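Worksheet for the structure shown next.
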Amino acid sequence: MDVDVSYELLDLALTHRSYAYEHGGLPHNERLEFLGDSILGQAVTVMLYRDFPHLDEGQLAKRRASLVSTIALAEVARSIGLGERIKLGKGEDQTGGRDKASILADTMEAVIGATYLSAGPDAATALVLRLVTPLLENPERFGAAMDPKTSLQEAAAAIGAPAPVYEIASSGPDHNRRFVATVTVGTAVTATGSGTSKKHAEMAAALEAWSRISAGTP
């Protein structure tokens, strides 16, 4: 990330609560996540207002919602290999936690919060802009992140494939249920995604399938 963050704060930002609980109740990253969420929203809001003077309030709000969404943040986290560095509990790790959109997005926010505390507001804002700018520079990817299910349906139609079909599986107790969606687009592609709701899981799966179709990868 090329940001000077203290080891202690970065380690805390990368510590998921599942790891903390398994190791005797260590501090975890949720407070930093809370801070980072606020910084992320402010930085993106100012950037959109400054750089897109032709957009009205509704259009600005829609773009902001997309850029700070779980799906967008998870994509940013994957692009820098963040999942490999997260400290997870054994159970969470074994169930694919390193690639879960919600965990990736939350950890990304915690890293932003740690950057703010360690290097200051300017460094935190610069980090946010450096991470989200690639989404804005790739209009197709940006559109897919905003509405991945519609984008996937359009991509399927463009290659003459049938409409996407989704299947949902869930696991865990009622208070902490996880959903995994599998989307199949004929014989063209099959992809999976996970989330804390059926909607989020389907969106994550759709974005992965859209990415594979766009790249020509089955």
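The values are calculated or read from the model by the stated rules, or taken from the named source; none is laboratory data. Remember, it's a predicted structure, so these values are computed and weren't measured experimentally. All Cβ positions, glycine included, derive from the backbone under ideal geometry; neighbour counts span all protein chains shown.
Of all positions in the range 82-99, none carries a residue that is closer than 24 Å to PRO121 by Cα and either polar (S, T, N, Q) or surrounded by fewer than 15 Cβ atoms within 10 Å (Cβ to Cβ) (or both). Residue count for the range 1-29 satisfying the condition of being within 19 Å of the chain's Cα centre (by Cα) and under 22 Å from VAL132 (Cβ atoms): 5. On the stretch given as the range 186-198, residues that are of a type outside the set (Gly, Ala, Ser), over 14 Å from the mean Cα position of the chain (by Cα) and surrounded by fewer than 21 Cβ atoms within 10 Å (Cβ to Cβ) total 4. Within the option set LEU67, LEU127, LEU131, LEU73, being assigned by TED's automatic domain parsing to the domain that holds PHE52, surrounded by 22 or more Cβ atoms within 10 Å (Cβ to Cβ) and closer than 18 Å to ARG31 by Cα holds for one residue only, LEU73.
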